[in-house]
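Engineer: Pasting a structure below so you can have a look.
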Amino acid sequence: MRDLRTLFHSASWVGVLALLLMSTSVYADDTQAAADQVSKEAEAIHNAIMSLTDYDVFDWVTFDIQGPTVILNGYASRPILKNSVQNVVAEVPGVKDVMNNIKVLPLSSYDDQLRTRLYFKIYDYSPLAQYNPNWGTTLFNSEARMTSGLTYDPPSGPHSIHIIVDNGHVILEGVVNTEGDRILAGSQARSTAGVFSVENDLAVLHGSAKNKKSNNSSSNG
């Protein structure tokens with residue numbers, strides 16, 4: 001018996017395969033059949049989560065598989081998402097129980113406005129244009145949209161950089177092409193007015209792994 005772990009990178013933005021990182025684990029016999037079963041179940045769970053229309057750029061959901069139990073973690077910008085994820089995962093064949101540890105983020109006008117500023121700061125920055133599924137449109141550049149906030153009216157399309165805001169503290173999750181893009185996204189987030197701190201947990205699709213302990217956390221005075 002041993003712990004089998006599988007890391008998936010799935011979905012896409014402008015032809016680049018990457019959006020949701022999922023970590024899965026299960027205790028099972030060390031056989032290829034057991035590994036294949038875990039892989040199929042993980043893919044089914046991933047597809048179920050990605051099918052939710054209320055999962056967007058301001059949310060981040062991960063899961064662990066431990067036998068027949070799925071453990072959900074991550075962040076939901078709106079309360080409905082926590083229940084939606086649990087409901088669709090519970091319907092996946094082989095899942096007997098769901099432990100839902102998804103944190104519902106504060107319903108805060110401050111955080112709502114910060115999400116809006118962060119979105120424009122990152123996704124309207126031309127060096128990161130490749131990650132913006134709405135680049136070149138005027139839909140998200142209106143002053144009215146920025147004033148009203150984006151939490152309950154998020155931009156559509158697949159976003160590989162997920163922006164988590166929790167009482168002014170920011171976590172960047174997702175996948176980018178290069179280490180340079182990861183650094184740029186973190187820099188844009190740190191320079192956004194009203195941000196208290198930034199944790200850059202973006203993964204890099206191409207290039208060497210980042211040193212999370214030394215590079216990921218910073219505070220804006």
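The values are calculated or read from the model by the stated rules, or taken from the named source; none is laboratory data. In this text, all values refer to a predicted model and were calculated from it rather than measured experimentally. Ideal geometry is used to build each Cβ from the backbone, glycine not excepted, and the neighbour counts take in all protein chains shown. SASA here: full protein model, heavy atoms, side chains in, ligands and nucleic acids out. Shrake-Rupley method; radii C 1.70, N 1.55, O 1.52, S 1.80 Å.
Engineer: Of the conditions (1) at pLDDT below 90; (2) open to solvent by less than 60 Å² (accessible area, probe 1.4 Å), SER214 clears all except one; give me its number.
Structural biologist: Failing condition for SER214: (2).
Engineer: Open to solvent by 30 Å² or more (accessible area, probe 1.4 Å), at pLDDT 90 or above and either hydroxyl-bearing (Ser, Thr, Tyr) or touching a Phe, Trp or Tyr at 6+ places or on another chain (Cβ under 9 Å) (or both): does that describe VAL89?
Structural biologist: no
Engineer: Return the total of residues in the stretch 162-203 being without any contact (Cβ under 8 Å) to a residue 60 or more places away in the chain, assigned to a loop (DSSP other than H, G, I, E, B) and of a type in the set (S, T, N, Q).
Structural biologist: Residues that pass the stated criteria total 1.
Engineer: Applying the selection to the stretch 76-98, what residues are part of a strand (DSSP E or B) and either out of contact with any helix residue (DSSP H, G or I) (no Cβ under 9 Å at 6 or more places or on another chain) or of a type in the set (S, T, N, Q) (or both)?
Structural biologist: Listed by number, the list is empty, since nothing qualifies.
Engineer: Inside the stretch 108-134, can you point out the residues that are outside any helix (DSSP H, G or I) and either touching an Asp or Glu at 6+ places or on another chain (Cβ under 6 Å) or not charged (D, E, K, R) (or both)?
Structural biologist: Those that are outside any helix (DSSP H, G or I) and either touching an Asp or Glu at 6+ places or on another chain (Cβ under 6 Å) or not charged (D, E, K, R) (or both): SER108, TYR125, ASN132, PRO133, ASN134.
Engineer: Filter the stretch 41-82 down to residues that are among the aromatic types (Phe, Trp, Tyr) and open to solvent by less than 20 Å² (accessible area, probe 1.4 Å), then give me how many there are.
Structural biologist: Here the count works out to 3.
Engineer: Another question, if that's okay. Say we look at the stretch 98-128 and pick out the residues that are touching a residue at least 60 places away in the same chain (Cβ under 8 Å) and in contact with a Leu (Cβ under 8 Å, 6 or more places away or on another chain); which of these is farthest from PRO158 (Cα to Cα)?
Structural biologist: Among those residues, the one meeting the criterion is TYR125.
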